[in-house]
Amino acid sequence: MSKIRSRDTKIEKVMYSPLIEMGLEYHLDGIEGKPEFVHKGEKVAIFLDGCYWHACTQHCRLPKTNREFWLKKFIRNRKRDREVTAKLVSEGWLVIRVWGHMVKKDLDHVVETVRKALKGRKALDNKVGGVRYL
Ligand SMILES: [Zn+2]
């Protein structure tokens, strides 16, 4: 998984400053699925899903060769994403999965959504799991 994620450094870079400023930590160890950003106290995990490796239906195209191999790989990646999300949610985390194309298209919206979500979590005494897709 870390191999996959290292390809998406561009979207990580633009998200870095605003999220660190909000008190999130980058690549914190020991969290299921290795989310890119985490707020441990509020139990918020942010995954930046690159369109290619996470097989976004709008932008991921199968390579022309070895199509079956790649198709299986993309299906596996997506299944793993779902499993990781479900596990964290069951442990009370708010999981925010952000598509790479959303970061490129409207960074302000993504950052604002995270800010509001974090604020919402702070108001909760009892952290309940949930998931948001952007
Ligand atoms: Zn996409």
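The values are calculated or read from the model by the stated rules, or taken from the named source; none is laboratory data. In this text the structure is predicted, and so the values were computed from the model without any measurement. Using ideal geometry, Cβ is built from the backbone for each residue, glycine included, and neighbour counts are taken over all protein chains shown. SASA here: full protein model, heavy atoms, side chains in, ligands and nucleic acids out. Shrake-Rupley method; radii C 1.70, N 1.55, O 1.52, S 1.80 Å.
Structure notes:
- Top of GLY120, GLY50, GLY92 by mean-square fluctuation, Gaussian network on the chain, Cα under 10 Å: GLY120
- Near HIS27, the amide H atoms lying under 5 Å from its own belong to PHE37, VAL38; only residues 5 or more places off or on other chains count, and H is placed 1.01 Å from N.
- Whole-Hz ³J(HN,Hα) from phi, Karplus 6.51 cos²θ - 1.76 cosθ + 1.60, for region 67-78, glycine and proline x: 4, 5, 4, 5, 4, 4, 5, 5, 4, 4, 4, 5
- Close amide-amide hydrogen proximity is noted between TRP99 and ASP49, LEU134, each under 5 Å apart and 5 or more residues distant or on a separate chain (H modeled in the peptide plane; Pro and chain starts excluded).
- Rounded to the nearest 5, the antiparallel percentage of DSSP beta bridges internal to the chain is 35%.
- About its Cα centre, region 1-93 has a charge dipole of approximately 760 debye under the convention of +1 per Lys or Arg Cβ and -1 per Asp or Glu Cβ, with nothing else charged.
- Sequence-separation-based contact order of the chain, relative, with Cα cut under 8 Å and 6+ spacing, percent: 25
- Listed pairs LYS10/LYS105; LYS43/LYS105; LYS40/LYS116; LYS73/LYS127 exceeding 23 Å between Cα atoms: LYS43/LYS105; LYS73/LYS127
- Packing, taken as the mean count of other beta carbons within 10 Å per residue, orders the peptides 43-49, 121-127, 97-103 from highest to lowest as 43-49, 97-103, 121-127.
- Here is the short version for the chain: CYS60 have no other Cys C-beta closer than 4.7 Å.
- The alpha-carbon of LYS79 sits under 15 angstrom from the alpha-carbons of these aspartates and glutamates, leaving out residues fewer than 8 places away in its chain: GLU32, ASP49.
- Accessible surface, per residue, of the chain when the full set of protein chains is kept, probe 1.4 Å, Å²: 60
- A protection proxy built from the mean count of other Cβ atoms within 10 Å ranks the segments 64-73, 21-30, most packed first, as 21-30, 64-73.
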